[in-house]
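Novice: Below you'll find the structure I mean.
The values are calculated or read from the model by the stated rules, or taken from the named source; none is laboratory data. These numbers were taken from a predicted model, which means no experiment stands behind them. Cβ placement follows ideal geometry from the backbone for every residue including glycine, while neighbour counts extend to all protein chains displayed.
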């Protein structure tokens, strides 16, 4: 509920602080006493258009603050929580207007947009009076108010479910149509890419395996070259060349000539060493020959591996993907091609389903419309009983329900609902705030609030000029209805 209103430098008011208690508060005074300044000031705090004309002469700025006490779990507290503006059990709205025309909006001393300020204040207070478009007078609220008055929740839930089912299948249809249109536009390129990648047949993890094999083959090639070079040094290149073994044998033959008649050989130790060298040389040649055979790879293996690796990388560059993504990319291309080939049948099925779901929505919306039409009649009758005691016996209240064009259908149905009034017999009904005078509109809103107790959503109600031009029994009727409206709100503020 509204607990305090603080005004600084607004029109004639230099400084004013008001506190409000639960229940009915009445502001009285003759015309020109300043009641409208209070409501204009409150309107600023609630997000009304800023006007530098409201700044008191000689002041640099006008400041208005409105404090509200709300329980935990209140819709306004939920809204604040979503914006990170929690402030305990009190909400403070503040508006500052400078002489340069700039205005600032704050909630709990944190800057916010005026749009957010309006959205938040609509959860806290309703102002019913001349030229006000807040609460009951706002056409945007009329559909919800009518539903809350007399439309079963089950019917509304059925429309919500039917709308969701319709839009879900319609969304799938639109996606399928877009996919097949894209595929058809690039069909030749798509078929060529699928053929090319299918021939290449990339496999998951293939790039890493090929890179590892390439390194192994390159290392094996270097090893084979080293072994071949070593064998070339141990083995003569041709018959005319002498290898190490030939030189060792020649050295042995030369030393053999040193043998003495008595059988002693002065170079026996050297000849034994040469013999060991021959044996070691033969062993080395045998080992190297064996290693050469073990290290032998297919001479085309490295070339084939590199060709495959380079082909995969070239394909990846061509299609703008990573090599590791090629297998999945091929799957996606095949799916697009399959969608192109089978898409017509799929789209036809989705079109049929969309027609069925749309028809189901239309049926549910039509049932809801009928209930709303019935509720409109009941609301009109109920308010007709309230109008005479409020000195509005000549007024005619109308609930106008019309069917919206299909682009405007929603989960709320296909209806547009407006509350209209004609204050004189023979006049065409018009918008509430355009037809009725300030007092008439305020009393009409009071009657509506009493009838629409199920639609009450705020704890503070303001009725401007609610007793304008009335007295006696009519004033008593207004008081009675204020008491009844009090049951649906924490506090009421009336001006007279």
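Novice: Does residue 158 count as in contact with a helix residue (DSSP H, G or I) (Cβ under 9 Å, 6 or more places away or on another chain), closer than 30 Å to residue 420 by Cα, at pLDDT 80 or above and in a helix (DSSP H, G or I)?
Specialist: Here the answer is yes, as residue 158 does meet what is asked.
Novice: Under 9 Å between Cβ atoms, which residue pairs at least 6 apart in sequence (or on different chains) link something in the stretch 98-127 that is on the phi > 0 side of the Ramachandran plot and free of Cβ contacts under 8 Å to residues at least 60 places away in the same chain with a partner that is surrounded by fewer than 17 Cβ atoms within 10 Å (Cβ to Cβ) and in a helix (DSSP H, G or I)?
Specialist: Close Cβ pairs satisfying both conditions: 101/52.
Novice: Right, another one. Between a residue in the stretch 73-87 that is in contact (Cβ under 8 Å) with a residue 40 or more places away in the chain and at negative phi and any residue that is buried (at least 18 other Cβ atoms within 10 Å of the Cβ) and in a helix (DSSP H, G or I), which pairs come within a Cβ distance under 9 Å, given they are 6 or more apart or on different chains?
Specialist: That search, which allows pairs on different chains as well, returns 76/120; 76/121; 79/120; 80/120.
Novice: So, one more: Between residues in the stretch 302-330 that are modelled with pLDDT under 85 and residues that are exposed (fewer than 15 other Cβ atoms within 10 Å of the Cβ), which pairs lie under 6 Å by C-beta distance while being six or more apart or on different chains?
Specialist: Qualifying pairs under 6 Å: none.
Novice: Please determine, by comparing only the residues of the stretch 77-93 that are under 29 Å from residue 22 (Cβ atoms) and assigned to a loop (DSSP other than H, G, I, E, B), which one is farthest from the chain's Cα centre (by Cα).
Specialist: Among those residues, the one meeting the criterion is 88.
Novice: Condition first: under 21 Å from residue 90 (Cα atoms) and free of Cβ contacts under 8 Å to residues at least 40 places away in the same chain. Now tell me which residues in the stretch 1-35 satisfy that.
Specialist: Listed by number, the residues that qualify are 16, 17, 18, 19.
Novice: Confirm whether residue 384 is over 30 Å from residue 196 (Cβ atoms), touching a strand residue (DSSP E or B) at 6+ places or on another chain (Cβ under 9 Å) and without any contact (Cβ under 8 Å) to a residue 40 or more places away in the chain.
Specialist: yes
Novice: Also: Looking only at the stretch 237-273, count how many residues are at pLDDT 65 or above, part of a loop (DSSP other than H, G, I, E, B) and within 18 Å of residue 284 (Cα to Cα). Talk me through it step by step, then tell me what you get.
Specialist: Start the filter on the stretch 237-273 by keeping residues that are at pLDDT 65 or above, which leaves 243-262, 264-273.
Next, only the ones that are part of a loop (DSSP other than H, G, I, E, B) stay: 243, 257-262, 264-267.
With the extra rule that they be within 18 Å of residue 284 (Cα to Cα), the set shrinks to 243.
Within the stretch 237-273, residues that are at pLDDT 65 or above, part of a loop (DSSP other than H, G, I, E, B) and within 18 Å of residue 284 (Cα to Cα) number 1.
Novice: Then there is this: Output the residues belonging to the stretch 315-325 that are closer than 15 Å to residue 211 by Cβ and part of a helix (DSSP H, G or I).
Specialist: Matches in the stretch 315-325: 316, 323, 324.
Here's the yes/no breakdown for (1) surrounded by fewer than 15 Cβ atoms within 10 Å (Cβ to Cβ); (2) touching a strand residue (DSSP E or B) at 6+ places or on another chain (Cβ under 9 Å):
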| position | (1), (2) |
| --- | --- |
| 108 | no, yes |
| 114 | no, yes |
| 161 | yes, no |
| 165 | no, no |
| 176 | no, no |
| 193 | no, no |
| 203 | yes, no |
| 217 | no, no |
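Novice: Does residue 365 satisfy the criteria of being under 22 Å from residue 143 (Cβ atoms) and part of a helix (DSSP H, G or I)?
Specialist: yes
Novice: To continue, here is another question. Does residue 110 satisfy being within 28 Å of the chain's Cα centre (by Cα) and modelled with pLDDT under 85?
Specialist: Answer is no for this residue.
Novice: While we're on this one: Which residue is modelled with the highest pLDDT, if the candidates are limited to the stretch 121-155 and must be touching a helix residue (DSSP H, G or I) at 6+ places or on another chain (Cβ under 6 Å) and either more than 24 Å from residue 432 (Cβ to Cβ) or part of a strand (DSSP E or B) (or both)?
Specialist: Across the stretch 121-155, the extreme among qualifying residues is 155.
Novice: I need the full set of residues from the stretch 27-76 which are part of a loop (DSSP other than H, G, I, E, B) and under 22 Å from residue 121 (Cα atoms), in order please.
Specialist: If the condition is that a residue be part of a loop (DSSP other than H, G, I, E, B) and under 22 Å from residue 121 (Cα atoms), then 47, 48, 49, 50, 51, 70, 71, 72, 73, 74 are the ones that fit.
Novice: Would you tally the residues in the stretch 388-431 being assigned to a loop (DSSP other than H, G, I, E, B), touching a strand residue (DSSP E or B) at 6+ places or on another chain (Cβ under 7 Å) and surrounded by 13 or more Cβ atoms within 10 Å (Cβ to Cβ)?
Specialist: Residues that pass the stated criteria total 4.
Novice: Among the residues of the stretch 374-381, is any under 38 Å from the mean Cα position of the chain (by Cα), surrounded by fewer than 12 Cβ atoms within 10 Å (Cβ to Cβ) and modelled with pLDDT of 85 or more?
Specialist: No - not one qualifying residue is present in the stretch 374-381.
Novice: May I pose another question? Have a look at 374, 351 and point out the one that is part of a helix (DSSP H, G or I) and under 13 Å from residue 151 (Cα atoms).
Specialist: From the options 374, 351, the qualifying one is 374.
Quick grid of which residues meet (1) surrounded by 13 or more Cβ atoms within 10 Å (Cβ to Cβ); (2) in contact with a helix residue (DSSP H, G or I) (Cβ under 8 Å, 6 or more places away or on another chain); (3) modelled with pLDDT under 90; (4) more than 26 Å from residue 138 (Cα to Cα):
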residue	(1), (2), (3), (4)
24	yes, yes, yes, no
32	no, no, yes, yes
51	yes, no, yes, no
75	yes, no, yes, no
78	no, no, yes, no
85	yes, no, yes, yes
89	no, no, yes, yes
118	yes, yes, yes, no
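Novice: Check whether at least one residue in the stretch 188-200 is over 22 Å from residue 341 (Cα atoms) and at pLDDT 85 or above, and report yes or no.
Specialist: Yes, the conditions are met somewhere in the stretch 188-200.
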